[in-house]
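Data block below; observations after.
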2 protein chains.
Amino acid sequence: MYINDLYGDQKASIGKEVKLNGWIRNHRKQKKMGFIDFFDGSCFKSIQIVYEDTLANFDEIQSIHIGAAISIEGTVVVSAVNADNIEINASNIILVGDAPEDYPLQPKKHSIEFLREIAYLRPRTRVFQAVFRIRSLASMAIHEYFHNKGYVYVHTPIITGNDAEGAGNTFTVTCLENNNYEEDFFGKKASLAVTGQLEGETFAMAFGKIYTFGPTFRAENSNTKTHAAEFWMIEPEIAFCDLNQLMDIEEDFLKSIVSYILDKAKDELEFLQGFTKIDLFKRLEKLKESKIARVTHKEAIEILKKAPNQFVFTPEFGKDLAREHEKYLTEEYFNGPVFVYNWPKDIKAFYMYQNDDNETVAAVDLLVPDAGELMGGSQREVRYDLLRDKMEKLGINTEEMYWYLNLRKFGSCDHAGFGMGFERFLIYVTGVDNIRDVIPYPRTPGYCEF
Amino acid sequence: MYINDLYGDQKASIGKEVKLNGWIRNHRKQKKMGFIDFFDGSCFKSIQIVYEDTLANFDEIQSIHIGAAISIEGTVVVSAVNADNIEINASNIILVGDAPEDYPLQPKKHSIEFLREIAYLRPRTRVFQAVFRIRSLASMAIHEYFHNKGYVYVHTPIITGNDAEGAGNTFTVTCLENNNYEEDFFGKKASLAVTGQLEGETFAMAFGKIYTFGPTFRAENSNTKTHAAEFWMIEPEIAFCDLNQLMDIEEDFLKSIVSYILDKAKDELEFLQGFTKIDLFKRLEKLKESKIARVTHKEAIEILKKAPNQFVFTPEFGKDLAREHEKYLTEEYFNGPVFVYNWPKDIKAFYMYQNDDNETVAAVDLLVPDAGELMGGSQREVRYDLLRDKMEKLGINTEEMYWYLNLRKFGSCDHAGFGMGFERFLIYVTGVDNIRDVIPYPRTPGYCEF
């Protein structure tokens, strides 16, 4: 039996004899009784265990430390202090595994940086119970969404021999201590994938609609709140789909996942709302209900040029948007999320469909208030010669990438896809502002612990 | 609209006007009409498109090659040759993207080895439509199972600084071309994880029940049908759980996943049954309905010693089971799956709970007919000193692994978990006998293409 079963139907639980296993988060002792804040991980909420000196091992129980694993038996009763709540009157408490007096998670305020150092214990704290429970729920929401819509889940390769997004910033995978890759495990240089998109496209040309959801890697030496060397990505790819249809899918997907979390993680969001001082419910409800605006990059620049704000970076056609521009668009002008599409081709990836204006590509970024870019997608270039020339210009080996090019020869069709960094989404949903705190064991420059 | 919508309720579909996008698998031409075997990836089945010379672009349609992407409009009708089937009378067929005359997937028998070489096109064939659709379905079944049972999904790290299962057989992850790891990205040697179990245990001590489902890596130079350098693993870990309870969970899990696939992949299994000449329905139905036998390793050896068979390897207490032993146990003696538990400690991993006999550990392997070991699990060692001594004996750095040892000090409890190689499961379910054919883009020694 689990705590979650008791909260499921609180009224029906009252009077029940229960047996639970779990851990002590807090332990307050009085002369003739004691109170244990008890959790078992089955739901966000803990439950209070009340015990009295009528128990034979009362003294022993009082000596049990915070952090200990215990088994308890008792009766579910209405809380003595809050008639809307339940607690358990213990008839038996057995110590399973104690914790030392100096157990690191004492019931006081710990800095998030300290908790990061004890990443193997932090999932026991309320903030990380909330975060990692939402991480799990969001994963399920994503799988359910695509599964129900008929997408096939594809495990694209992690170790890759091609260097899709152009050179640099990848980790090499090797069995050698020198760089003679011909003698190496794969007989050539291999690295960790930065994306599954290109392989994803090959499967979209067979299954119509596919998605990936797996780890990706970047060896970028950035020590910021939003960069990690290892993170998870969701990359759907849809055949017979253009940029407008892609935006429809992105919007439906995002709202659906957000609704799922709003529905199933109320306790977690409520706690995180208090913890982060961000009105998460408002943020998510608003996203769920907004009709996401759609403007071209050109229109966005025009809006920015007319803005009353003094920007540090002058908005310019042909240039990327600065963080301050994104902020103005989402938090002031549109006061909500916005799709910016048709981006200048020179600042976007080679595989994006070149528009008839010869200046822009059919790419779209979803910008959201507070967080900036949440998703990036595009219609893919399907014209063989155009794509090959672009790749050659960028120094991508078109002979090695023959298979990607051949997709444009063998039953080609308009197709489009997007990528969403899972951690970026989690940062947005949980309000926790450092990527290190939404990944169980983050990997960053100089840091690969646990 | 998708083909899957039409087959969902075939009767209701008859008479409907539809518009579909997809690809040509086969194209038979007659003087006054033509027949297109048309698929869109929305379900395993394709559908026949019939067109006649009343269409304005009849000649153009007849010149469309196999492999081409087309858009069609037409009416769903009862098949002319099989009253139980439906087909589409086309009113319009538009070429979206043709394929060349020498498109590799012509409608004839291709060897599976040839298809492996064109891994970017093979998902369009029926055998790989079946395999990769089952791969996706099985993934969903696994997520649903654990989610519904209250397990938290954990993304354990792929890049790791610790060398959990002992030295060797791991890939190094580096940004350097020399071996001065102190100057490397993480400031120390990092490798690709062979398991997420140890980190999984830390989360089980917070959430009670967790599972991982992610890629794992082994740099083993084995060119066999069952070895790949990159494969996906499912690793659940359960707190307050002993070996017997673990076997209950394994049995329930396996039967549930198999039932899901039996239920949702009938067409795929039927095709694969014909392709592999293995009675897959019988195999899976039997597994689903069997009560899985449980014997200790010692009992298994006794059974083998009494067997009438002449084994190449003599069964022996204290030794591993050979493939022929597994075969005898599952295919002859028990005629079904069997849990073999309490294994000799010297042939099993350091983290397994040592039994009171001082000879065995609380480990369990699930053996199944035809495939051998499908899952491996154990109750974990929770006695700090015993575990530390074992690790030291094996040369595992206990200082670096302080966090794993500390779990035994900070609210420790009996816990257990198992691992299932996803591809091994898929080989069993699909009957396809080479691991290279159940992974979208397999990585093996000397092979890292696409």
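The values are calculated or read from the model by the stated rules, or taken from the named source; none is laboratory data. Only a predicted model underlies this, so the values are computations on that prediction, with no experimental measurement involved. Because the Cβ atoms are built from the backbone with ideal geometry, glycine has one as well, and the counts that use them run over all protein chains shown. For accessibility, only protein heavy atoms count, side chains too; no ligands or nucleic acids. Shrake-Rupley method; radii C 1.70, N 1.55, O 1.52, S 1.80 Å.
Do you know which residues across the stretch B:70-100 are open to solvent by 10 Å² or more (accessible area, probe 1.4 Å) and either β-branched (V, I, T) or touching a His at 6+ places or on another chain (Cβ under 6 Å) (or both)? Hits for the stretch B:70-100 are B:T75, B:V77, B:V78, B:V81, B:I94, B:V96, B:D98. Filter the stretch B:407-424 down to the residues that are out of contact with any strand residue (DSSP E or B) (no Cβ under 6 Å at 6 or more places or on another chain) and either crowded, with 22+ Cβ neighbours inside 10 Å or within 7 Å of chain A (Cβ to nearest Cβ) (or both) and list them by number. Correct list: B:L407, B:K409, B:F410.
Would the stretch B:139-150 turn up any residue that is within 30 Å of B:Y402 (Cα to Cα) and either more than 10 Å from chain A (Cβ to nearest Cβ) or modelled with pLDDT of 95 or more (or both)? The answer is yes, given that some residue of the stretch B:139-150 is within 30 Å of B:Y402 (Cα to Cα) and either more than 10 Å from chain A (Cβ to nearest Cβ) or modelled with pLDDT of 95 or more (or both). Being within 22 Å of A:F422 (Cα to Cα), of a type in the set (A, V, I, L, M, F, W, C) and at the interface with chain A (Cβ under 7 Å from one of its Cβ atoms) is a description that does not apply to B:F171.
Quick check, is A:F35 touching a Lys or Arg at 6+ places or on another chain (Cβ under 9 Å), closer than 20 Å to B:V152 by Cβ and modelled with pLDDT of 95 or more? So A:F35 fails the test. Taken together, the residues in the stretch B:102-114 that are within 12 Å of chain A (Cβ to nearest Cβ) and open to solvent by less than 40 Å² (accessible area, probe 1.4 Å) amount to 3. Whenever a residue of the stretch B:428-450 is more than 13 Å from chain A (Cβ to nearest Cβ) and at positive phi, its partners that are among the β-branched types (V, I, T) and assigned to a loop (DSSP other than H, G, I, E, B), lying with C-beta atoms within less than 8 angstrom and at least six residues away or across chains, give the pairs B:G431/B:I278. For the stretch A:231-281, enumerate the residues that are open to solvent by less than 60 Å² (accessible area, probe 1.4 Å), aromatic (F, W, Y) and touching a residue at least 24 places away in the same chain (Cβ under 8 Å). Matches in the stretch A:231-281: A:F231, A:W232, A:F240, A:F253, A:Y260, A:F271. For the stretch B:34-58, which positions are in contact with a helix residue (DSSP H, G or I) (Cβ under 9 Å, 6 or more places away or on another chain), open to solvent by 40 Å² or more (accessible area, probe 1.4 Å) and more than 21 Å from B:I134 (Cα to Cα)? Passing the criteria: B:E52, B:D53.
For every residue, the table says whether it meets (1) assigned to a helix (DSSP H, G or I); (2) among the hydrophobic types (A, V, I, L, M, F, W, C); (3) free of Cβ contacts under 8 Å to residues at least 12 places away in the same chain.
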{"position": "B:A83", "(1), (2), (3)": "no, yes, yes"}
{"position": "B:H110", "(1), (2), (3)": "no, no, no"}
{"position": "B:G150", "(1), (2), (3)": "no, no, no"}
{"position": "B:N178", "(1), (2), (3)": "no, no, yes"}
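Filtering the stretch A:221-230 to residues that are over 20 Å from A:G372 (Cα atoms) and either open to solvent by 20 Å² or more (accessible area, probe 1.4 Å) or more than 10 Å from chain B (Cβ to nearest Cβ) (or both) leaves only A:N221. Does the stretch A:336-353 contain at least one residue that is closer than 20 Å to A:L394 by Cβ, buried (at least 18 other Cβ atoms within 10 Å of the Cβ) and β-branched (V, I, T)? There is no residue in the stretch A:336-353 that is closer than 20 Å to A:L394 by Cβ, buried (at least 18 other Cβ atoms within 10 Å of the Cβ) and β-branched (V, I, T). If the condition is being open to solvent by less than 60 Å² (accessible area, probe 1.4 Å) and touching a helix residue (DSSP H, G or I) at 6+ places or on another chain (Cβ under 6 Å), then the stretch A:310-328 contributes A:F311, A:P315, A:H325. In the stretch B:304-321, the residues that are in the same structural domain as B:E332 (by the TED database) form Cβ pairs under 6 Å with partners that are open to solvent by 100 Å² or more (accessible area, probe 1.4 Å), at six or more places apart or across chains, as follows: B:P315/B:K305.
Could you please find all residues in the stretch A:368-383 being open to solvent by 60 Å² or more (accessible area, probe 1.4 Å) and modelled with pLDDT of 95 or more? Quick ask: steps written out before the conclusion?
Here is the first cut: in the stretch A:368-383, the residues open to solvent by 60 Å² or more (accessible area, probe 1.4 Å) are A:370, A:373, A:383.
Result: A:R383, single match.
Given the condition farther than 30 Å from B:S222 by Cβ and either in the same structural domain as A:T398 (by the TED database) or open to solvent by 10 Å² or more (accessible area, probe 1.4 Å) (or both), answer yes or no: does some residue in the stretch A:179-189 qualify? Within the stretch A:179-189, not a single residue is farther than 30 Å from B:S222 by Cβ and either in the same structural domain as A:T398 (by the TED database) or open to solvent by 10 Å² or more (accessible area, probe 1.4 Å) (or both). Among the residues making up the stretch A:228-272, those that are assigned to a loop (DSSP other than H, G, I, E, B) and over 23 Å from A:V364 (Cβ atoms) are A:A228, A:A229, A:A265.
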